[in-house]
Structure formats: C-alpha cells, structure tokens
Amino acid sequence: SSGINAEYGGPAKKALARYRRVVAPFEEEQLLKVKESVAGARSLGQLLTDPSQRLPLLIGIGLHAAQQFSAINAVVSYAPVIFKEANVGDSVTATVATGVVNCVVTFISALLNDRVGRRVILIVGTSMMGIAHGLLALSQSCTDKESWSCGGDWTAVVAIGSVFLFICGCTAGLGSMPWFIVNELFVTEYRGVANSVCGSTNWFTSIILLLTYDSVNNALFPYTFFFYMAVVVFFLVLMILFVPETRCKTVQQITVELERQSSRFPPIIGK
C-alpha cells in the first residue's frame, strides 16, 4: 500500500490539482521561475547597447544572413528550372527526389547534432554547399552553347548530384544550426530579444534573395552559382574565424570564450 502510494501518489496529486484548477506547490515553483525569467528579460535597446552582447549578436545576425544569402530558398524554389537549364530530362522526378533526400538528411543530422558538435556540422555543411554551387555552375556552363559548350550526358548527373549535395549541406548546416547556436550564445535575459532580431534578419534577407535571384541569374547565367559559391565561401571564412563551439558548454563558458574573442577587435565590436 505504501509502495503504491509512493509510486503513484505524486502523479495523482498533480492530476487532481489540475482537475480542481488548484495551483499545487510544484506549480507555484514553476510559475515563480517563469515570472523571474520574464521580469529579468532585456529590451532591444539594452541588447544593442550592451558591449558584451555585440559579438554574439553579430554572429547570430551573420549566421541567419548566411543561411539566406547562400541561395537556399532559390535552389529549393527554382529546383525544376535549375534542372531544366542543366538539361535534366525528368526535372519533376528529380525535384521529388530532392525532397526525399532532405527528409533523410534531417533525420541523420538530428542524430549527429549532439555527438559531433554544432560548429563542426555547420562548417562541413557550409563547405558542401559551396562545392555544390561550384558543380552546379560547372554543369550549367558546359550545357550552355554560348558559354563553354562542353556538355554531355554527364551534366545532368552533375546537376542532380550537386543539388542533392547542396540539400544535404544546408539541411545539416546552415538550414538548422543558426537556430541552435543563437539560442546557446545568449544568456536567458537576452535570448528572447536576440532571437527576435536574428529571426527578423532571416526573413528580411530571405525576401532580398527571392526578389533579386531572377535579376542575378539573368545577368550572370550560366555563371550564377559561381557568384553564390563566392558568397558561401565568404561566410564560411567568417564562421571558421568567429563562431564558437557551443555543444556541452554552459552559457557562462561560451560568454567567456566570446569575451576573449571580443578583446581582439575594436571597441565598436568588442568590449
């Protein structure tokens, strides 16, 4: 009897408290923690004027800008057109296969996320995206008769493979890691407003990319993706230099590491 009470008493009391709409002691503790968290939340003005938050904020904004300026939405949205330009026969089937690859890689990256580390996955994934852009530009350049005109059946294979490689890289890296890393860069008081700033950056840069992709493609085709490869390489260098590893680290440890990095920069960036 006493064993049964010990095993089931706690959950039963919780359920009864909810049913009666009575706040139990354990719920009071949770509500108190939430109230303290809300009361301690910082404003946008405090985030922008706190010297210790400048580098984390720049890293967060940079990662979200890199996600969109890597042409992630352009490749996904224009995949059928890209396949057609690269002389792929059944572009619809290739696009469906791209979605399947996306789902599989999402599952695999979720398993590796806490085992390998955010920084490693981010850098490897971004590198894959840059290589994919280069291969896609190569296939389009060789297919275009007014350009290199060195195409053949291999260009369709390279085009499909490069899009698959890009999807693998962005799903594991820039597609998801910015959201993880931004959450881990900031202390609780700044996390909410920092996520708002970085999320707004993501949407804003996404709009810019989708509005400019057609113009860029018309101006640079068939070398369009050489341009985006250069953009990816630029952000990749910044990631290697500035983005810290956040796996299995407390916010305090990450803050100390970022403060050490900040000391190397002018006051406008560092402390």
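The values are calculated or read from the model by the stated rules, or taken from the named source; none is laboratory data. As the structure is a prediction and not an experimental result, all values here were calculated from the model. Cβ coordinates were reconstructed from backbone atoms using ideal geometry, including for glycine residues, and neighbour counts include every protein chain displayed. Calculation scope for accessible area: heavy atoms of the full protein, side chains included, ligands and nucleic acids excluded. Shrake-Rupley method; radii C 1.70, N 1.55, O 1.52, S 1.80 Å.
State whether one or more residues within the stretch 157-165 are open to solvent by 70 Å² or more (accessible area, probe 1.4 Å), under 30 Å from Phe242 (Cβ atoms), touching a helix residue (DSSP H, G or I) at 6+ places or on another chain (Cβ under 8 Å) and modelled with pLDDT of 75 or more.
Within the stretch 157-165, not a single residue is open to solvent by 70 Å² or more (accessible area, probe 1.4 Å), under 30 Å from Phe242 (Cβ atoms), touching a helix residue (DSSP H, G or I) at 6+ places or on another chain (Cβ under 8 Å) and modelled with pLDDT of 75 or more.
(1) loosely packed, with under 15 Cβ neighbours inside 10 Å; (2) under 19 Å from the mean Cα position of the chain (by Cα): which one isn't true of Thr205, the others all being true?
The number of the failed condition is (1).
Where the second residue is open to solvent by less than 40 Å² (accessible area, probe 1.4 Å) and modelled with pLDDT under 85 and the first is in a helix (DSSP H, G or I) and lies in the stretch 105-126, which pairs have Cβ atoms under 9 Å and are six or more apart or on separate chains?
Note: pairs meeting the criteria are Ile121/Ser109; Ile121/Asn113; Gly125/Ser109.
Given (1) of a type in the set (Gly, Ala, Ser); (2) assigned to a helix (DSSP H, G or I); (3) open to solvent by 10 Å² or more (accessible area, probe 1.4 Å), where does Ser139 come up short, assuming only one miss?
(3)
Inspect the stretch 177-198 for any residue being touching a Lys or Arg at 6+ places or on another chain (Cβ under 9 Å), part of a helix (DSSP H, G or I), open to solvent by 20 Å² or more (accessible area, probe 1.4 Å) and among the small types (Gly, Ala, Ser) and give the result as yes or no.
yes
Would you tally the residues in the stretch 96-139 being more than 17 Å from Val76 (Cα to Cα) and either among the β-branched types (Val, Ile, Thr) or out of contact with any Gly (no Cβ under 6 Å at 6 or more places or on another chain) (or both)?
Looking only at that region, the number is 20.
Which residues, taken from the stretch 44-70, are more than 19 Å from Trp179 (Cβ to Cβ) and either open to solvent by less than 20 Å² (accessible area, probe 1.4 Å) or at pLDDT 85 or above (or both)?
Across the stretch 44-70, the qualifying residues are Leu44, Gly45, Gln46, Leu48, Thr49, Asp50, Arg54.
Considering each of Leu241, Leu209, Leu236 in turn, give the residue that is assigned to a helix (DSSP H, G or I), free of Cβ contacts under 8 Å to residues at least 12 places away in the same chain and closer than 22 Å to Gly60 by Cβ.
The unique qualifying residue is Leu241.
Output the residues belonging to the stretch 71-108 that are more than 23 Å from Phe227 (Cα to Cα), buried (at least 19 other Cβ atoms within 10 Å of the Cβ) and at pLDDT 80 or above.
Val105
Out of the stretch 239-248, which residues are open to solvent by 60 Å² or more (accessible area, probe 1.4 Å) and at pLDDT 85 or above?
Of everything in the stretch 239-248, those that are open to solvent by 60 Å² or more (accessible area, probe 1.4 Å) and at pLDDT 85 or above turn out to be Ile240, Leu241.
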